[in-house]
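The values are calculated or read from the model by the stated rules, or taken from the named source; none is laboratory data. Computed from a predicted model, the values in this text were never measured in an experiment. Using ideal geometry, Cβ is built from the backbone for each residue, glycine included, and neighbour counts are taken over all protein chains shown.
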Amino acid sequence: MKKALNQKIYKDLSEIVGENYIAATPLATFAYSQDASIFGGTQAEMVVRPGSTEEVSKIVALANQHRIPLVVRGGGASIYGQPKGLPGSNLLIDMTRMNKVLTINPESFTATAQCGIIMGKLQYECRKEGFYIYSPFAPLHIVSLGGWIAGAAGAAGLWRDIISLTIVLPDGTIVKTGGGPGTNIHQSLFYNRNLGGPDFTGLFIGDGGSFGIKTEATVRITKFPTVMRVSIFEFNELSKVLAMVKRHLERVDPHPFDPIMVFGPGAMKNFMPEFSEINSFIVQGIMQGHTEKEMDAKYQVFNALAEELGGTRTPMLDAMAEVMTSSTSGESGMEMDWLKLFNVLGLPAWLPFTLPREGFLEVYNKLIAWRNARLGEATSRGFEYGGTWEFFTPSDSSTLIGEIDSFFKDAGNPEVVFFVQTMMRDFQEYAHQLGSIDVYNQGLMSNLHARYWPAGFKYLYTTIKASLDPNNILNPDLWTSQKHPGRRPRRKIKK
Amino acid sequence: MKELSKVRHFVYNCRKCGLCGNKVSAKVPYVCPVREHTEGFEHFYAKGKITIAQGLFEGQIAPSPELTEIIYSCSLCGNCLTQCGIIDQDSGLPLTDPPQIIEAMRADLLREHPEWIAPAYHAMITSTSQYDNPWGLPRVTKERWAKGLSVRTIQEEPSEILLFTGCTIPSNPALIPRVQKAVAILNKANVDFAILGKDEPCCGSVQRRVGAIDLAQEMREKNISMFNNLGISTIVTLCAGCYHTLKVDYQKAEPPLKPKVYHLVDFLSQLITQQKLIFTHTQNLKVAYHDPCHLGRHSGIFDPPRDILNALPGITLVERRATRENTICCGAGGGMRLFANGTLAEKIGKASLEDAMATGAQAVVTACPFCEINLTSAAGQMNHPMPVYDIIDLMTKGLRLEE
């Protein structure tokens, strides 16, 4: 009976996407059991690659009918593991076949794409039209648009660029938010998230994919800045760095043209080994725009401000600024180089944070002390690490996001892997206690965040989840073990 | 897992970030031709294959016929390695290397489970053992093409320069004119050279790529000893695969190959610079150059073929979006013409030709017999087939040697 049903599910899925886009063999599904994290995921029973919103809708409706847990995967770029679902029962939806750019509209400054598209491809298509998407901190070439919206954009300050979403709800219903016929604003070419109704786009940003599957999104695009200046200053005191950031924020909104980035000593040693004796902070201002005159003026103002606050320039830093100028003015070169740099350094213990700018100094120093103590422990256990990385930047005027990572050798040693996994978990616990919160709503970090939710927020989440997903099929238990009414997924699928 | 164990560090140094399957940029339309032209599941590209390798190490999965199917669905083109680009800062060597991982897995599968390997691969390996030619043709094939030409064997009279023809060109009637034209060009430039004729061995490239590494190693040792005792200073190869094998694999071996190794395009571009070859015929053709993986990405020969094309009167060279180190494999690498009856290889080749067509090119030019065979075969599947030339064809015309 069970076998007959499973064959029926396979057959039904085949009718939706075509047999070629279903994988149910042991190795094909095993290939999806890891992502970019060291936490991995679980091996799904089947993997399906839909090509349209309608196909996603039919798959979800089928899964809902049979109570099959669904795990949704984009680029597989999470640093905390993909949702576990219910091991032994999962149907994994690989969204990356939905990778088309639907429109790029230079009049309304918007781009609409299917959510399985990798951001690098979307960025390339925008660049061809003279536009770009502001996403300086995303590893563009591995993150999908849907994954970015569900997992990281909320915290990274980029939520405001996501205007409209097409979503498949856990019962298969297709909804669109944020503007255009059939949304809160029944007008073509009119994009606004909270006119004519509540901001339902925001509901799905940072949900980790638990409320619905994002299949299409319209995002704000910006005219590509053709002129760039980079200025780099060294500061000996973190308090002066923070003063510099604040003064910069008083003058400009960093988004999208004037990002300011701060690198700690560990990061600088990776950029420039000759920096190894210096225990200072590097402040990098990137000025982007459309005219030489405008950029020269910005450059001079930035430099004057940094000098007033005690920053110094050196020939080495000027040379580095020149390199950064050329790499960032290319085709997303900065993001690319960072990913390669990290991959070279070794097994990453990612230690990201989001902190209020006010009070940052005290908490940051505690976080650094915590990390260094843990690195001391690693050394005493004979675990070699290949470098550290400290970086932060304003995600908005009141918030700083960053990371104080470390990278370990011998990724094939299970003891090292376990040490790093523990270090990442413990860091976030500690950071939470100090008033920080992680950038990412992914994998195990979703569970950790949820443990710090107050009762009211948890009630709101579980009520919405129970309402949208009464059978708890979509990324089940991503945030919390559901105690809402409704049954847990029960159906195992077998090949 | 003997061979896979040797590259364990490559498996665990991979961060599974997915760059090898997902990068798109101005110069990279896609990374993995196999993923692009199949249904696109993760096991079709490097990240998924390395995840599977890690699963083998950790005992989560076991070798199976399915594993064989997955591991042989790779052209070993190395674009994943180029786009990944993680290099050890001290040694300058890659920290992870998907083609080496896949070659190791193929070797283990062939040794431990030969019954799972498709008959076409076994036939090629058996032919090598019987004829020293993977395509199953007798040794005399290596000298038959020279009949009536002004070319001597090294046994007849020693020479400093050896023209190494490889197995693929002399074994394929459609490609034999390539070697004959190469001889004509070298004679035109008054280069004193010789061939080995029926004594020319197979280099072992294709055997290694499909996993017959013991056989390939045996051939390499025998060949290095033979080359080092021939009294030659230079070897010029016609085939990109032979070039990479002799230039990189043989010269890294112990003892290493002593003679210098050139691919014909590198050798001829120097003769053009020295004005020993002067083109007199104008051809009026817009062409796209297809960088063979073995010659370009794996060996760094990017400029010489372009220098030749730019020197040819009337030839206009246009570049595709993916070119030089970012080139997309023609589809024939890594034994892919033996995989699934060559259907996937041809699909990849057809896409390559369509990319060239999109640039306005009237023809595709390459410098590798495997690329030429596969692209020509793929062109046959098109409504308006695009001509595929070897660079030797255009040089011969430019020198009026066909007349």
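The residue list B:Ala288, B:Ala345, B:Ala311, B:Ala332 contains one member that is of a type in the set (A, V, I, L, M, F, W, C) and more than 18 Å from B:Tyr389 (Cβ to Cβ), which is B:Ala345. Candidates are the residues of the stretch A:223-258 that are of a type in the set (Ser, Thr, Tyr) and surrounded by fewer than 17 Cβ atoms within 10 Å (Cβ to Cβ); the one that is nearest to A:Val323 (Cα to Cα) is A:Thr226. Only one entry of A:Ser398, A:Ser380, A:Ser406 meets the criterion of being crowded, with 17+ Cβ neighbours inside 10 Å and away from chain B (no Cβ under 14 Å), and that entry is A:Ser406. Looking at the stretch B:161-208 only, could you name the residues that are touching a Lys or Arg at 6+ places or on another chain (Cβ under 9 Å), in a loop (DSSP other than H, G, I, E, B) and farther than 20 Å from B:Asp393 by Cβ? Correct list: B:Cys167, B:Asn190, B:Leu196, B:Glu200, B:Pro201, B:Cys203, B:Gly204. Consider B:Arg324 carefully, then state whether it is in contact with a helix residue (DSSP H, G or I) (Cβ under 8 Å, 6 or more places away or on another chain) and either surrounded by fewer than 20 Cβ atoms within 10 Å (Cβ to Cβ) or among the charged types (D, E, K, R) (or both). The answer is no for B:Arg324. For the stretch B:64-84, enumerate the residues that are surrounded by 19 or more Cβ atoms within 10 Å (Cβ to Cβ) and in a loop (DSSP other than H, G, I, E, B). Scanning the stretch B:64-84 gives B:Tyr72, B:Ser73, B:Cys74, B:Ser75, B:Leu76, B:Cys77, B:Gly78. A single member of A:Gly179, A:Gly197 is assigned to a loop (DSSP other than H, G, I, E, B) and within 19 Å of A:Ala111 (Cβ to Cβ), and it is A:Gly179. Quick check on the stretch A:170-184. Is at least one of its residues of a type in the set (A, V, I, L, M, F, W, C) and either within 13 Å of chain B (Cβ to nearest Cβ) or under 23 Å from A:Arg73 (Cβ atoms) (or both)? There is at least one residue in the stretch A:170-184 that is of a type in the set (A, V, I, L, M, F, W, C) and either within 13 Å of chain B (Cβ to nearest Cβ) or under 23 Å from A:Arg73 (Cβ atoms) (or both).
Candidates are the residues of the stretch B:6-48 that are more than 8 Å from chain A (Cβ to nearest Cβ) and without any contact (Cβ under 8 Å) to a residue 40 or more places away in the chain; the one that is surrounded by the most Cβ atoms within 10 Å (Cβ to Cβ) is B:Tyr45. Please indicate, with yes or no, whether at least one residue in the stretch B:100-107 is touching a residue at least 12 places away in the same chain (Cβ under 8 Å), in a loop (DSSP other than H, G, I, E, B), touching a helix residue (DSSP H, G or I) at 6+ places or on another chain (Cβ under 7 Å) and not charged (D, E, K, R). No, because not a single residue in the stretch B:100-107 is touching a residue at least 12 places away in the same chain (Cβ under 8 Å), in a loop (DSSP other than H, G, I, E, B), touching a helix residue (DSSP H, G or I) at 6+ places or on another chain (Cβ under 7 Å) and not charged (D, E, K, R).
Surrounded by fewer than 16 Cβ atoms within 10 Å (Cβ to Cβ), touching a helix residue (DSSP H, G or I) at 6+ places or on another chain (Cβ under 6 Å) and in the same structural domain as B:Thr153 (by TED's automatic domain parsing) - does that describe any residue in the stretch B:199-221? No, the stretch B:199-221 has no match at all.
If you go through the stretch B:250-268 and keep only what is assigned to a helix (DSSP H, G or I), within 26 Å of B:Gly334 (Cβ to Cβ) and modelled with pLDDT of 95 or more, you end up with B:Tyr250, B:Leu264, B:Val265, B:Asp266. Return a yes/no flag: does the stretch A:100-111 have any residue that is in contact (Cβ under 8 Å) with a residue 60 or more places away in the chain and among the β-branched types (Val, Ile, Thr). Checked the stretch A:100-111: at least one residue is in contact (Cβ under 8 Å) with a residue 60 or more places away in the chain and among the β-branched types (Val, Ile, Thr).
A count restricted to the stretch B:49-86 and to residues that are more than 21 Å from B:Leu110 (Cβ to Cβ), touching a Leu at 6+ places or on another chain (Cβ under 9 Å) and at the interface with chain A (Cβ under 9 Å from one of its Cβ atoms) stands at 4. Of the set (1) surrounded by fewer than 20 Cβ atoms within 10 Å (Cβ to Cβ); (2) on the phi < 0 side of the Ramachandran plot; (3) assigned to a loop (DSSP other than H, G, I, E, B), all apply to A:Arg160 but (3).
Within the stretch A:361-414, the residues that satisfy the criterion of being under 24 Å from the mean Cα position of the chain (by Cα) and not in a strand (DSSP E or B) are A:Val363, A:Tyr364, A:Leu367, A:Ile368, A:Arg371, A:Ser397, A:Ser398, A:Ala411. Summed over the stretch A:44-54, the residues that are in a loop (DSSP other than H, G, I, E, B) and more than 8 Å from every other protein chain (Cβ to nearest Cβ) give a count of 5. Here no helices (runs of 4 or more DSSP H) wholly within the stretch B:302-403 include at least 3 residues being aromatic (Phe, Trp, Tyr) and at pLDDT 95 or above.
The residues on offer are A:Thr166, A:Thr201, and the sole one that is farther than 19 Å from A:Ser52 by Cβ, β-branched (Val, Ile, Thr), buried (at least 23 other Cβ atoms within 10 Å of the Cβ) and modelled with pLDDT of 90 or more is A:Thr201.
Does B:Val11 meet the test of being part of a helix (DSSP H, G or I), outside the structural domain of B:Cys293 (by TED's automatic domain parsing), of a type in the set (Val, Ile, Thr) and within 23 Å of the chain's Cα centre (by Cα)? Against the criterion (part of a helix (DSSP H, G or I), outside the structural domain of B:Cys293 (by TED's automatic domain parsing), of a type in the set (Val, Ile, Thr) and within 23 Å of the chain's Cα centre (by Cα)), B:Val11 does not qualify.
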